[in-house]
Each structure stands twice: as C-alpha cells, then as structure tokens.
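Okay, structure first, notes after.
Every number here is computed from the coordinates shown, using simple stated rules; none is lab data. Remember, predicted model here, so these are calculated numbers, not experimental data. Virtual Cβ from ideal backbone geometry, glycine too; neighbours counted across all protein chains shown.
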Amino acid sequence: MNYNLKYYYALFLLLFWHLYILLCYASPSVSDMYYQYYINGSIQKWNRGVGSKYLFGDLIDFRKGGNSSLYVLGGFSGQEKKGTWTCSEYIYIYLRPNTETKYDINLYMSAVPFLNEKHQNQYIEVIVNEVIVKKINYTLGEIGQNIQVIRVNNDIINSNKGNIVVKIRAKGLVSPWELGLSDDTRKLGVYVESIMLKEVEK
Amino acid sequence: MKIMSNKYILLLIIAVLSRLVIFFTAYIYLDGVNFPYSLCQWDCGWYLSIINNGYDNVPHGYPEGNVANWPFFPLFPILISVIKLILPLNSINSALLFNNGIFLVFIIILYQYVNPLIGEDNAFKGVAAFCFFPFTIYLSIPYSESLYLTLLFLALKYLNKHKYWKAVFCGMLLSVTRNGGVFFVIILFSQYIPFLFKEIAEKKSIIKEVLNFAFLVLTFPVLFELYCLYLYIKTGDALAFIHIQRGYGRIVGKSPIETIVSLYQNPEPYTLYCLIALFVGILSSIWIIKNKMIGIGIFSIVPLILTLYTGNVAGMSRYSFLSLSVIILFIFQYSKLSLLYYTFGLFCMINVFIMFVYFWINGYSYMI
C-alpha cells in the first residue's frame, strides 16, 4: 500500500514539474524586441536588441535614400520616391536616444493614408513604449490630417530602458488588388514620408 | 567467446585505422600547420564557446548580432569540460580525444546492436565498412554526433533487451545531447506499447504496467526540460534554442513542399546536394519502416521533415547520412556485398573520406 502511495506521489510530482515547464514555455519573460523578432516574427531586423542611436530633432526620412532603414525593424514596404508604405498591422520603429530626456516629446508624423472611393476610412493607433498616444481615424476628403503632432509624456519616453519603440497599428488593411484597383497585393496602411521626435519644454 | 573477442579486437583495430586516416590526411594536407586546430570548423566554434565561456546571455554572434549558442545542447560541452578538468588538455584536444575515444565504444555498441539482427559475420562486415563511411568524419571532429549516436545505439540495445529504464536513462542523456534526441520517445512508444500489451495479457496487472509506462514516459524528458528551465532563467525564454534559429536563417513555419519547390526553383549545387541527402534519408526511413522497425523509421524521418519546415536545408547531408535509418540500411545492405564489390566500395569510400577531410579542414560550406 505504502509502495503504491509513493508511486502516486512521485507521479504527481512529475506531472507538476511538467506543468511548471509548460508554463515556462508559454510565458517567456523577454524584451519586447526579442519577442517581436524571435518569437512573434513580426520584425525583420534584430539590430542587436537595441534601437539605433537617435538625436531628438533628427528627421527619420522614409523617402528613397532616406535614413529610415536605420530605425525601422519591420512592417514597412520598400522605400519609394516620396515615402514608404506600411504593409502590416503593426509597424515597428526602434530608437535609442543618447540620454534620458526631462522634457515631453512631440512626435511629428507626416503620412498619407491609403484611401479611395472603395476604402474611405483608415483607423490607426500610434503606440509609444506600449502606451497608445494617439488614435487617428483618417477619412477620405478630410483636410489637414496628413501632418500629425502627437504629444508624448516624458515618463512614457523614459520607460523602456533607454529605447523608444514607436508602433503604428493599422486596422482593417486592404490591398489595391482586393479593391480591384491594381495588381498590387500589399495590404497598405499609411504612406509615411517622415517622422521626427522633438523635445518640448514643459 | 574467443572468436567474439577476436572480432571485437579486429573491429577496434579497423576503427582506430579509420580514425588515423582522418588525422593523417588532415596533417598531410595542412603540412602540420595549425594541426589539429583546423579540425575545428563551423559549429565546433559554438561548442568551444560553451566549453570556454558557458551559454550566452543575449544573442551576439554574426554581423547582425542575432545568434547565440543556445541550440547546442549541454551534455557534450559538459563532458568536454570534465575532461579538461581531469587532463592537461585544451578544449579542442579534449573534444578530439573524447570523440575519437567514444567512437570506438560506438563501433562496439553498433556491432552488438546489429549482431542479433543480421548475424555475426554480416554484422562484422557491415560495421567494419561503416568505419570508413565518409560521414563518420563528424564522429571524430568536435561535434556532438559521436556521443549522440553512441547513446542512441546503447538505448536501442537496451530496448531490444527490454531493459526499459536503462533505455530511458540513455534517452534522457540523448535529449540533452542534440535537439533531435527528444524524439527518442517515438522509439520508446513503438517498442514499449506492444511489450505493455503482452505483459498485461500475461500478468493481468493492468494498473501496475500502465503506471510503469507512465513513469517511463514522464521521466524521459526531465533532463531536456531542465535545460529549458536553465534557458528560461538565463534568457527568459525556455524555448530559446528553437527561437534563436531565426538568427541562423531558419524561420519555422514554411511548408516542406514549398521548401522543396523553392530549392528546385533556385537550384544551387549545395541545396541540390542537400536535397539528394534528404531523399536518401526519407527513402532509407521508408525502407526501415517497411522492415517493421516503425519507431526507428519515424524517429529518423521527423528531424528531416522538421528541418524542411524551417525553409533552410543547411546541414541536411549530416542529419540525413548520419540518421539511424541510413546507418542501419548501410550496414544491412553493405554486409551482403560480394568480396569484389565490398572491396571496391571500400576503396571508393576511403577516397571520398579523404576528400571530406580535405573539404572539412578547408571549411567548405557544404560540410556544415
């Protein structure tokens, strides 16, 4: 009887151990960038796990020959003459400012949404260090929506161990091919021309 | 018994001779320069990094800084570190000594495994020829193949003798030697389940037998999981050894058919060589399954298919030609050759063997 009980206890311990390991498998405790690159696969560049060096006030240029490839880790199509299309639900920009800032930041984004008669609205969220800082609902024909100025609190800017992760989440993407407009099968979000982060005194 | 002993001694002499071919060839081609260090190529560097500095905290290698030594399982580096502690040797010499020493053990175990299956004479002929099988070069250089195959055939030998706990113990060690080792559970299932039914039918004590089986199956992955837990503590990712594959250009999720088609669409000598190796591996596994060694066949084929799922076939020749099914097929079929063909084949193999050594020490990429 005792022997049998020991058997069951040991079996229970083994099951508990396996369960614990399963939990470890299911809940990795890694940086956002590690998760996006190695586990989720949503970014294409590892960039040594850090953002590229960035000075507040520098322009991130998405036009042909611009410097955006230094900072963009995924979600964008190739650079074109006047900008770059986002082509997945999430796009990722990783920046590493030289020092922590004591100021709030203005994020300037110059971008044109993919809108036409068959696709009249495009909703996006701008996320900085996992905090949604702006929700934008682009509407066909609306004026003044191409330049966005988004104020970001310095607590948010300094919250990610020296990295600034800018994500743009675009919902309900469609491709020109799906709309019957062209052979282009990329699901287009916004056509970004430039992004800049600039310190703003309080 | 005396004849058996003589065969063991003869096999050991042949095995030593085959290893001498590697070292002499390497020495002559290198003109003694950087010998034996030029035997450390490709993944050997990763093993050395583990032996000398332990596992990486973060990805850092390659120009992109996106690879780490996590896919290289710990048993081989641990054993080499122990040898380093005992003997006044550096890491490479310790690894060479260990692998070539254990190769001799492997040859004896291999002989003991195939002996009951094909008979004493054929087993001797087959295993003796296998010593010169060109891909056995990987059993002599600082890779984990030598340890892996030794443990694998030892486990199979125990399974055939129904010594399941010993087999599981070897399987546990296998699972921390190479990532494919964890699939040994397939062989365990395939051999234990018929035994289980037989035992139940004879003894009628269902609960005890089922519990015993549950224990075997639940104990088997414990060491593997310990490594996962170690990675979890060190990196935060228990499956880091899989996830890091992305840095090596292996992106999990491609369909095997898509991979094969794309290899044909963009043919290169290396990828076509890997494809041929893949087909040899698959066909030999089918042959093994047809010969009622179902578990062994599936065990051999699974890592090949999983490699295809990553879209990257680098290293396929090594995985395939040193798979269990190819080794068994080789020994079974080669041992049946007439003296003329046997000798001719041996001559050809020794030539390819010498070429492989040359390719290896010069870091040819298709030897990865």
query = Tell me, what is the percent relative contact order of chain A, built from C-alpha pairs under 8 Å that lie six or more residues apart?
reply = 25
note = Shape descriptor, chain B: equivalent ellipsoid semi-axes (Cα gyration tensor, sqrt 5λ, whole Å, largest first) stand at 30, 28, 22
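Cα convex hull of the protein assembly as shown: mean projected area in nm², to one decimal?
35.4
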ask   = Roughly how many nanometres apart are two label points built 7 Å out from the Cα toward the Cβ at residue B:211 and residue B:290?
value = 4.5
Inter-label distance for residue B:33 and residue A:142, nm, one decimal - labels placed 7 Å from Cα along Cα-to-Cβ = 7.1
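What relative contact order, as a whole-number percentage, does the stretch B:223-328 give when Cα pairs under 8 Å and 6 or more residues apart are counted? If you can, show how the numbers build up before the last one.
Working: 113 pairs, mean separation 31.6, N = 106.
Value for the stretch B:223-328: 30 percent.
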Packing-based exposure ordering (other Cβ within 10 Å, fewest first) of B:70, B:165 = B:165, B:70
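Among the helices of chain B (complete DSSP H runs), which have Cα atoms covering no less than 20 Å along the helix axis and a Kyte-Doolittle mean of at least -1.0?
For chain B, where a helix must reach 20 Å along its axis and average at least -1.0, the hits are B:2-30, B:91-118, B:145-160, B:184-203, B:269-290, B:294-309, B:339-361.
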note = Partner lysines whose C-alpha sits under 29 Å from that of residue B:198, ignoring same-chain residues fewer than 8 away, are A:6, B:157, B:161, B:163, B:166, B:208, B:290, B:292
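For the stretch B:260-368, state the average projected area of the convex hull of the C-alpha atoms over all orientations, rounded to one decimal in nm².
Answer in nm², one decimal: 7.6.
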query = If you wrap the stretch A:43-200's Cα atoms in a convex hull and average its projection over all directions, what's the area in nm²?
reply = 8.9
query = Under the rule that a partner needs its Cβ under 4.7 Å from the first Cβ, which Cys of chain B have none?
reply = B:131, B:170, B:228, B:274, B:348
message = Taking the alpha-carbon distance from residue B:254 and a cut-off under 28 Å, which lysines remain once sequence neighbours fewer than 8 residues away in the same chain are dropped?
response = A:45, A:167, A:171, A:187
inquiry  = Compute the helix-to-body angle for A:2-26: its Cα long axis versus the longest principal axis of chain A, expressed 0 to 90° and rounded to tens.
reply    = 10
ask   = Where the centroid of each part is defined by its Cα atoms, how far is the stretch B:145-179 from the stretch B:240-310 in Å?
value = 23
inquiry  = If exposed means no more than 10 neighbouring beta carbons inside 10 Å and the site is in a DSSP loop, what's the longest run of chain A without any exposed GluC sites (Glu not before Pro)?
reply    = A:1-99
Inter-chain shielding of A:24-31 (mean C-beta neighbours from other protein chains, 10 Å cut-off) = 6
remark   = The alpha-carbon pair-distance distribution computed for the stretch B:218-262, with 10 angstrom bins and whole-percent values, is 24, 34, 27, 15, 0
ask   = Any idea how far apart residue B:333 and residue A:53 come out in nm if each label point goes 7 Å out from Cα toward Cβ?
value = 6.0
note = Hydrodynamic calc, the stretch B:162-282: Kirkwood Rh from Cα pairs, then Stokes-Einstein at 20 °C with viscosity 1.002 mPa s, so D in µm² s⁻¹ is 122
note = So, relative contact order of chain B in percent, Cα under 8 Å, 6 or more apart, is 21
Per residue Cα convex hull volume in Å³ - calculated over the stretch B:1-48 = 90
query = Expressed as a whole number of Å, what is the distance separating the alpha-carbon centroids of the stretch B:51-66 and the stretch A:5-19?
reply = 36
key: Dimensionless Rg over Rh [the stretch B:1-81; C-alpha; Kirkwood]   = 1.17
ask   = Can you give the FRET efficiency for residue B:60 and residue B:222, using 1/(1 + (r/R0)^6), R0 = 51 Å, r = Cβ-Cβ distance, to the nearest 0.05?
value = 0.95
